[in-house]
Amino acid sequence: MDLHFGDSKPTDDERAAVDALLGPPESSWEGADRSAADLRWARGGRAARDRRDLLLPGLHALNDRIGWISDGALDYLCRRLTVPPAEAYGVATFYAMFSVRPRPATVLHVCTDLACAAAGAAGLCAGLESGPVPGVHVERSPCLGLCERAPAALAIKAGDPVRTAVSAPATVRDAVLAATAPDSASEEPPAALAVPQAGHPGLILLGRIGVVDPASLDDYRAHGGCTALRRAFELGPAGVIREVTDSGLVGRGGAAFPTGRKWQATAAQPDRPHYLVCNADESEPGTFKDRVIMEGDPYALVEAMTIAAYATGAHRGYLYLRGEYPRSLARMEHALAQARTRGLLGEDVLGQGWSFDIEIRRGAGAYICGEETALFNSIEGYRGEPRAKPPFPVEKGLFGKPTVENNVETLVNVLPILTMGAPAYAAIGTAKSTGPKLFCVSGSVARPGIYELPFGATLGELLDLAGVRDGLRAVLLGGAAGGFVRPDERDIPLTFEGTRQAGTTLGSGVVMAFDDTVPLPRLLLRIAEFFRAESCGQCVPCRVGTVRQEEALHRIAERTGAAAAGDIALLREVGRAMRDASICGLGQTAWNAVESAIDRLGAYE
């Protein structure tokens with residue numbers, strides 16, 4: 001391995017940031033002062049290579065402390081981990097939240113995605129950029145997961161410690177205050193404000209949000225917490241898997257794969273160790289349900305992950321958390337610390353002689369890392385590019401070992417399955433889509449937020465709860481990777497099979513309403529820009545197709561009818577190629593929303 005280190009040296013702050021994570025270097029081979037022993041043999045190489053998975057946390061440590069990653073800092077981190085700098089540079093430049101070029105210590109991320117675009121993000125950006133704020137770098141950002149409070153901005157001020165502040169709904173004045181004085185910015189509202197149904201009887205997944213103190217483990221237990229975990233120990237691993245299978249639970253991230261089958265396949269693998277990964281990197285524009293759960297009911301996720309690990313034979317779990325969720329990070333760190341102190345995690349969980357612990361890994365702004373194998377690569381310290389399948393993650397997943405991966409909503413559904421029993425849970429919803437479902441409603445509605453409804457409720461019932469404004473033009477189901485439906489298609493049942501029969505998709509539960517004040521061609525162009533920016537570039541159909549799609553939409557943005565017919569024909573050809581030949585779901589779905597807008601809404605007529 002030829003590491004090719006440069007001549008740049010880290011500053012004292014950069015060295016301190018890396019050493020705080022990895023500990024002091026043991027030899028000059030890792031960056032310490034040279035000693036006589038170092039002339040005789042190299043120390044630490046194999047051990048350092050085994051820590052390749054700390055590359056992403058190391059990049060975060062530098063970015064958090066300095067605000068950007070210099071050549072000297074990257075070289076020092078690479079020496080510590082024995083990672084070729086060229087590879088580390090490829091990882092650092094893969095993520096939107098990192099910079100390898102000098103920039104101010106304070107970065108203000110302003111969301112320009114769908115919900116925020118409809119709520120005036122363009123005017124907010126123009127106001128911030130017209131009078132530059134000294135010492136602040138304004139960055140136009142993909143979705144920040146604050147769609148119910150659009151438009152949104154997130155300020156990150158590097159230092160020791162790093163400080164963050166959210167402004168949502170944001171004005172120019174509030175965004176500047178968040179960036180220049182994060183400690184003076186107003187406190188974020190409680191998670192319950194994102195749940196219009198908070199406190200209503202009958203809620204299953206959201207019942208504790210707004211009712212319990214999210215920081216208190218005792219309060220969580222007083223409201224039914226840990227009941228499911230105790231029942232899991234009574235049933236045993238096979239019994240838990242049987243309950244989950246009989247409940248009919250399927251993945252809530254959009255793929256709808258049966259959860260019990262995934263768990264059983266992982267548990268049956270003879271290769272050890274097994275791993276559990278919770279995917280909390282919800283980056284689909286319009287999605288924010290996982291954020292609300294982690295902020296409002298964090299112990300539920302800890303309990304659910306513990307049950308999943310017990311059932312599948314995993315003793316270590318990873319929570320892959322969006323880098324744009326600072327409050328979720330703080331809440332989950334606190335919950336994990338309390339769980340370890342109180343015996344819910346560690347060497348002897350609840351005195352059962354079984355060990356399990358959870359480590360948080362922060363994402364850094366990459367939509368593609370929502371794909372499970374791309375997420376594994378990200379944790380392992382590589383670029384977040386999807387892997388070819390087979391082998392599937394249940395056979396060879398994280399670190400090449402059997403791995404079960406579920407998102408936050410899927411996991412917290414396990415708690416009511418065990419507390420109420422599989423038959424009672426399966427009686428909720430429909431025969432093929434069982435249980436409750438969370439829907440993220442935003443856009444042109446009076447009461448945006450997270451709604452819990454049983455599968456089978458109609459789109460119209462959900463929109464009535466949210467209070468649709470006059471002049472409704474279109475509804476986007478499933479986010480940027482989903483499809484548009486007309487306002488008169490209110491009878492579409494919100495189930496996986498119902499939306500599929502209607503020629504659209506449920507996805508992760510995104511429902512975005514747009515009235516006639518929102519220019520549809522500009523919205524489609526933003527979707528195309530999103531997929532072009534988020535494509536990992538690994539496969540040609542997606543790498544080239546997303547660019548060609550954006551170019552064609554630029555050309556026809558101001559044209560309609562016959563003048564646009566040629567580019568619409570080109571869009572269809574490119575869309576089919578991406579759908580048929582892309583390696584992962586990003587490229588396969590990048591054309592969906594545009595196609596539905598053309599065919600269903602007559603976007604360019």
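The values are calculated or read from the model by the stated rules, or taken from the named source; none is laboratory data. Since this is a predicted model, take the numbers as computed values, not measurements. Heads up, the Cβs are rebuilt from the backbone with ideal geometry, glycines too, and the neighbour counts pull from every protein chain shown. Side chains are part of the model used for accessible areas, which takes the heavy atoms of the whole protein and leaves out ligands, DNA and RNA. Shrake-Rupley method; radii C 1.70, N 1.55, O 1.52, S 1.80 Å.
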When residues of the range 476-526 are limited to those that are closer than 16 Å to Thr589 by Cβ and aromatic (Phe, Trp, Tyr), the one modelled with the lowest pLDDT: Phe496
For Glu324: the one exception among (1) assigned to a loop (DSSP other than H, G, I, E, B); (2) surrounded by fewer than 19 Cβ atoms within 10 Å (Cβ to Cβ): (2)
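Output yes when any residue across the range 545-564 is hydroxyl-bearing (Ser, Thr, Tyr), at pLDDT 95 or above, in contact with a Ser or Thr (Cβ under 7 Å, 6 or more places away or on another chain) and open to solvent by less than 20 Å² (accessible area, probe 1.4 Å), and no when none is. Write out each step before concluding.
If we filter the range 545-564 for residues that are hydroxyl-bearing (Ser, Thr, Tyr), which is where we start, we get 546, 560.
Filter once more, keeping what is at pLDDT 95 or above: 546.
Of the ones still in play, those that are also in contact with a Ser or Thr (Cβ under 7 Å, 6 or more places away or on another chain) are 546.
Those still in the list that are open to solvent by less than 20 Å² (accessible area, probe 1.4 Å) too: 546.
Yes - at least one qualifying residue is present in the range 545-564.
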Unmet requirement for Thr373, which otherwise passes all of (1) at positive phi; (2) open to solvent by less than 10 Å² (accessible area, probe 1.4 Å); (3) not hydrophobic (A, V, I, L, M, F, W, C): (1)
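If you check Gly207 against the conditions, is it under 17 Å from Val412 (Cα atoms), touching a Pro at 6+ places or on another chain (Cβ under 9 Å) and at pLDDT below 95?
Details: under 17 Å from Val412 (Cα atoms): yes; touching a Pro at 6+ places or on another chain (Cβ under 9 Å): yes; at pLDDT below 95: no.
So Gly207 does not fit the description; no.
Checking the structure you have, find out if any residue of the range 46-64 is assigned to a loop (DSSP other than H, G, I, E, B), open to solvent by less than 20 Å² (accessible area, probe 1.4 Å) and modelled with pLDDT under 80.
Of the range 46-64, the ones assigned to a loop (DSSP other than H, G, I, E, B) are 50-51.
With open to solvent by less than 20 Å² (accessible area, probe 1.4 Å) added as a condition, the list becomes none.
No.
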Selection count, the range 428-443, where residues are open to solvent by 10 Å² or more (accessible area, probe 1.4 Å) and assigned to a loop (DSSP other than H, G, I, E, B): 4
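In this structure, does Arg522 turn out to be open to solvent by 50 Å² or more (accessible area, probe 1.4 Å) and either in a helix (DSSP H, G or I) or closer than 28 Å to Ala122 by Cβ (or both)?
Working: open to solvent by 50 Å² or more (accessible area, probe 1.4 Å): yes; either in a helix (DSSP H, G or I) or closer than 28 Å to Ala122 by Cβ (or both): yes.
Taking the combined requirement at face value, the residue satisfies it.
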Given (1) open to solvent by 50 Å² or more (accessible area, probe 1.4 Å); (2) under 30 Å from Ile66 (Cα atoms); (3) among the hydrophobic types (A, V, I, L, M, F, W, C); (4) out of contact with any helix residue (DSSP H, G or I) (no Cβ under 6 Å at 6 or more places or on another chain), index of the condition Leu154 fails: (1)
Condition met for Pro487 (over 23 Å from the mean Cα position of the chain (by Cα) and touching a residue at least 24 places away in the same chain (Cβ under 8 Å)): no
Positions within the range 378-398 being in a helix (DSSP H, G or I) and buried (at least 21 other Cβ atoms within 10 Å of the Cβ), in sequence order: Ser378, Ile379, Leu398
Answer from Tyr425, Tyr382 - the residue that is in contact with a Lys or Arg (Cβ under 9 Å, 6 or more places away or on another chain), among the hydroxyl-bearing types (Ser, Thr, Tyr) and at pLDDT 95 or above: Tyr382
